[in-house]
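Here's the structure, in structure tokens; my notes come after.
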Amino acid sequence: GLCSFILFMWSEIVLGCLLCVLVSLLYRRGLTRLLSDIPTWRPWPFIYHFITVRQNVHRIADMAYEVCRDLNVTWHFVVPGGPTFVVSADPEVAEWILKKNFENYEKGPEFQDRLEDLLGKGIFNADGALWKSQRQIASHMFKVKELKDMVPIMIEHGTHVIKKLEAYADTDKPINMIDVFARFTLDSIGEIGFGFNIDSQHNEPPFAVAFDASQQLAVDSFFVPKWFYQNVYKRKG
């Protein structure tokens with residue numbers, strides 16, 4: 001009985017040590033995804049910044065602003081099983097990415113895979129030659145004649161925005177400006193591009209509700225491990 005007990009305890013100790021070594025190796029390997037030269041807040045072991053990001057996924061833009069204000073204008077975070085995210089509010093960084101070195105910053109397969117269900121292979125989800133050809137086609141919409149045709153439509157929908165803001169001006173009620181501008185954009189683009197007024201500023205049309213839900217699912221998919229997105233989110237869709 002004593003020998004069996006000693007053998008059992010010894011096997012448990014060995015197994016525990018092996019497990020500790022394995023976990024340590026996985027943790028060290030995972031840490032290579034953190035960027036030592038770009039600020040971040042202290043990550044949790046194994047799950048990195050997953051908890052903070054999931055708690056703020058419904059207000060990810062607000063979280064980004066707060067971290068830029070409190071930590072640094074350029075920072076990064078990591079979600080396990082997903083890409084490393086670099087966030088910046090530095091005008092020089094924006095100019096470098098969007099203008100001076102644009103060709104080097106493709107959306108890439110991680111981005112495209114998550115947004116393909118919503119955006120397909122359109123200009124907002126394309127790279128390289130495909131992006132250039134679509135950009136060239138879209139550029140015709142911004143000629144002087146086309147812009148003149150758009151102006152009355154945008155003024156009409158903009159008038160609704162002004163009336164809504166004026167109605168809130170003398171009250172203590174908060175107003176969701178992101179929602180206001182999103183509805184203005186949806187109604188304007190719907191009428192300019194398809195000749196149909198969705199009228200989301202006054203109603204909750206099914207298309208607007210579905211489009212909003214689709215965007216939220218697309219955003220959420222970036223902040224979960226890739227295997228979870230592919231096996232759960234894709235099946236939901």
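The values are calculated or read from the model by the stated rules, or taken from the named source; none is laboratory data. Being a predicted model, the structure only gives us computed values, none of them experimental. Note: ideal-geometry Cβ built from the backbone for every residue, glycine included; neighbour counts use all protein chains shown. Just the protein is used for accessible areas: all its heavy atoms, side chains included, with ligands, DNA and RNA removed. Shrake-Rupley method; radii C 1.70, N 1.55, O 1.52, S 1.80 Å.
Quick notes on this structure:
- Residues located in the range 45-77, provided they are of a type in the set (F, W, Y) and loosely packed, with under 15 Cβ neighbours inside 10 Å: F46, Y65
- Just one of the numbered conditions (1) at pLDDT 90 or above; (2) under 19 Å from H58 (Cα atoms); (3) assigned to a loop (DSSP other than H, G, I, E, B) is not true of S200: (2).
- Within the range 162-191, the only residue that satisfies the criterion of being among the aliphatic types (A, V, I, L, M) and open to solvent by 100 Å² or more (accessible area, probe 1.4 Å) is I178.
- Long-range neighbours under 6 Å by Cβ, at least six apart or interchain, first residue surrounded by 13 or more Cβ atoms within 10 Å (Cβ to Cβ) within the range 103-114, second at pLDDT 90 or above: E106/D127; K107/D127; Q112/N125
- Taking first residues from the range 206-229 that are polar (S, T, N, Q) and partners that are surrounded by 16 or more Cβ atoms within 10 Å (Cβ to Cβ) and assigned to a helix (DSSP H, G or I), the Cβ contacts under 6 Å between residues at least 6 apart in sequence or on separate chains come to S214/L118; S221/R114; S221/Y229; S221/Y233.
- Taken together, the residues in the range 103-119 that are over 15 Å from the mean Cα position of the chain (by Cα) and closer than 19 Å to T84 by Cα amount to 3.
- Number of the condition not met by D117 [criteria: (1) more than 22 Å from Q230 (Cβ to Cβ); (2) open to solvent by 50 Å² or more (accessible area, probe 1.4 Å); (3) at pLDDT below 90]: (1)
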